[in-house]
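Below is one structure, written out as C-alpha cells; the observations come after it.
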Amino acid sequence: MAALRLTPSTLTLRLSRSEKILGILRDLEVPLAAVRSVEVVPDPLPAVRGLRAPGTALPGLRKIGTWRRSGERVLVSVRRGQPAVRVRLTGQRYDELVIGTDDAASVAGKVTAALSQAS
C-alpha cells in the first residue's frame, strides 16, 4: 500500500513491492517547494483519466501506474472504495500524484500545513 511521508523539506511516496511491479514504478521524493496544491478525491477511479502508459488497470477495481493526457503525466495508485490524495506538482517528472489512502483528509491536512510552514 502506497504511503506519503513528510519531512521538513520533502514529500516522499513509498510504494509496496506489488505496486512497483504492477505499475512499473519506483519510490518518489519531491521537494515541498514543488507542491502546488493538495486535495482529497473521494472517488479516485473515475477521476483518473487519460492513457495508461505503463501500468495496470482492473476496470472498476484498481489503477496503478502512469496515466498520460495532453502534456501531463500522473502517477496513480488507487482502488475502489478508498479515497485518495491528489498532489499537483511543478517542475517534476510527474505533474500529479493520485494516491489512495484510508486517511486522505488527514494526509492532505498535514501536507497543507507543511506547505504553509515552509512558506
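The values are calculated or read from the model by the stated rules, or taken from the named source; none is laboratory data. Remember, it's a predicted structure, so these values are computed and weren't measured experimentally. Cβ sites come from the backbone with ideal geometry, for glycine too, and all protein chains shown count toward neighbours.
Scanning for something acidic (Asp, Glu), within 20 Å of Met1 (Cβ to Cβ), in a loop (DSSP other than H, G, I, E, B) and out of contact with any Phe, Trp or Tyr (no Cβ under 7 Å at 6 or more places or on another chain), does the stretch 89-104 turn up at least one residue?
Looking for residues that are acidic (Asp, Glu), within 20 Å of Met1 (Cβ to Cβ), in a loop (DSSP other than H, G, I, E, B) and out of contact with any Phe, Trp or Tyr (no Cβ under 7 Å at 6 or more places or on another chain), one finds at least one in the stretch 89-104, hence yes.
Where the second residue is assigned to a strand (DSSP E or B) and hydroxyl-bearing (Ser, Thr, Tyr) and the first is free of Cβ contacts under 8 Å to residues at least 24 places away in the same chain and lies in the stretch 44-56, which pairs have Cβ atoms under 8 Å and are six or more apart or on separate chains?
Arg52/Thr66; Ala53/Thr66
Conditions (1) assigned to a strand (DSSP E or B); (2) closer than 23 Å to Leu115 by Cβ, marked per residue:
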position	(1), (2)
Pro8	no, yes
Thr12	yes, yes
Arg36	yes, yes
Val40	yes, yes
Ala57	yes, no
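Could you say which residue among Leu11, Leu45, Leu15, Leu32 is within 21 Å of Gly91 (Cα to Cα), crowded, with 19+ Cβ neighbours inside 10 Å, among the aliphatic types (A, V, I, L, M) and at pLDDT 95 or above?
Selected residue: Leu11, the only one of Leu11, Leu45, Leu15, Leu32 that is within 21 Å of Gly91 (Cα to Cα), crowded, with 19+ Cβ neighbours inside 10 Å, among the aliphatic types (A, V, I, L, M) and at pLDDT 95 or above.
Can you work out which of the residues in the stretch 58-71 that are within 12 Å of Val48 (Cβ to Cβ) and at pLDDT 95 or above is surrounded by the fewest Cβ atoms within 10 Å (Cβ to Cβ)?
The extreme case among them is Arg68.
Being free of Cβ contacts under 8 Å to residues at least 60 places away in the same chain and farther than 18 Å from Arg73 by Cα is the filter here; which residues of the stretch 2-41 pass it?
Passing the criteria: Arg5, Thr7, Thr10, Arg14, Ser16, Arg17, Ser18, Ile21.
Name the residues in the stretch 15-34 that are outside any helix (DSSP H, G or I) and of a type in the set (Lys, Arg), would you?
Hit for the stretch 15-34 is Arg26, nothing else.
Based on this model, can you work out whether Thr90 counts as at pLDDT below 95 and among the hydroxyl-bearing types (Ser, Thr, Tyr)?
no
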